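Encoded as structure tokens, the structure appears first; notes follow it.
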Amino acid sequence: MRILFIDTVHPFLKDTLEKQNHICDTAYDKTRGEILSIISDYEGIVLRSRISIDADFLSQCHNLKFIARAGSGMENIDIISAEKRNIKCFNAGEGNRQAVAEHALGMLLSLFNNLNKSDKEVRNGVWEREGNRGIELAGKTIGIIGYGNNGSAFAEVLSGFGVQILAYDKYLEKHKYQASMQSIFQQADIVSLHIPLTAETTYLVDENYFKQFKKPIYVINTARGKCVQTKDLVAAMKEGKIEGACLDVLEYEKSSFEDLTAKKNTKEIQYLMDSEKTILSPHIAGWTKQSKLKITEVLLEKIKGLLK
């Protein structure tokens, strides 16, 4: 097959496919228009998030057999239009599930133990112990929203911390920590999002969502920024309904996830940046040295499965 790599991924995938006699070309610097002018020559696409594969794009894909997304989310691919054209769409959530789970846990432990705050203080000559007294994770109830690759991996890393895990997934009938959303609203101390970005989940977490929790909660978002309404999150933090937030993703990210948009200086974002009740990272929960390779190993197996 002729396969076009639109974004950079671990070289393992391209090298292995070429050893199997596939022709692999790169379009790392090509614009969407330039890619459209050549896409009919290819039977496979490998990409991350740089461009959108919508119905108009797919109308030019006369020979395409598969689209391989090097990551978990598929919101930049019109899967329904692809399926109508018998184009298989793959992602690689199995490849970065452990990375996401460990990152979410690290953010939570850092927030609970004031690690970012106290580190800055010590570096500036401040030795404050009582003001940095932490909170133990043991004994807390954690609500996991979405129990796919990332949600189930997060449950696994939490299992040794003496916590109660309640997991809700609208599309799974049975799993180990199955719970209703009502149970999570009633019992949760911490809520962690592990859901894809769809029309259904866009701004799922808003003012009304926060109002349904019986207790003040901590929020973790390693999913997609637009699953949370930022202004409502900030309002809930100011009101004391949210005691802290661990945010690897933000509503105002560019579609490529490489930067924030011009809205990065909004008062809500500035509040999150200034608050000692937040831990922020630049959409790197799934980005480890190990996951970079594992993602391509997963995609290779799925591509091989297509060829059988």
**Message:** What do you get for the angle between helix 289-307 and the principal long axis of the chain? Use alpha-carbon atoms, 0 to 90 degrees, nearest ten.
**Reply:** 40 degrees
**Message:** Once you place label points 7 Å from the Cα toward the Cβ at Asp259 and Thr198, how far apart are they in nm?
**Reply:** 3.3 nm
**Prompt:** Mind listing which trypsin sites (Lys or Arg not before Pro) in the range 78-174 are in a DSSP loop and have 11 or fewer other Cβ atoms within 10 Å?
**Reply:** Arg129, Arg133, Lys170, Lys174
**When each of Lys211/Lys241; Lys14/Lys294; Lys254/Lys292; Lys65/Lys289 is checked by Cα-Cα distance, pairs over 18 Å** = Lys254/Lys292; Lys65/Lys289
**Asked** What order, most packed first, do the peptides 287-296, 33-42 have when packing is the mean number of other Cβ atoms within 10 Å of each residue?
**Response** 287-296, 33-42
**Request:** Evaluate the relative contact order of the chain (contact order divided by residue number), counting alpha-carbon pairs under 8 angstrom at least 6 apart; express in whole percent.
**Result:** 18 percent
**Item:** Projected area averaged over orientations for the chain, convex hull of C-alpha atoms, nm²
**Value:** 17.9 nm²
**Message:** Between 0 and 90 degrees, rounded to the nearest ten: what's the tilt of helix 149-158 against the longest Cα principal axis of the chain?
**Reply:** 40 degrees
**Complete:** Each label sits 7 Å from Cα toward the beta-carbon; between Lys84 and Asp15 the label points are separated, in nm, by 4.1 nm
**Request:** Loop only per DSSP, at most 13 neighbouring Cβ atoms within 10 Å: give me the GluC sites (Glu not before Pro) in the range 166-207, ordered by residue number.
**Result:** Glu173, Glu200
**Item:** Computed lengthening from His175 to Glu136, 0.36 nm per intervening residue step minus Cα-Cα distance
**Value:** 11.4 nm
**Prompt:** If each residue's Cβ is checked for other Cβ atoms within 10 Å, how do Ile51, Ile195 rank with the fewest at the top?
**Reply:** Ile51, Ile195
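Each value in this text was obtained by applying a stated rule to the coordinates, not by laboratory testing. Predicted model, so just to flag it, every value in this text is computed and none were measured. As a convention, Cβ positions derive from the backbone with ideal geometry for all residues, glycine included, and neighbour counts pool all protein chains shown.
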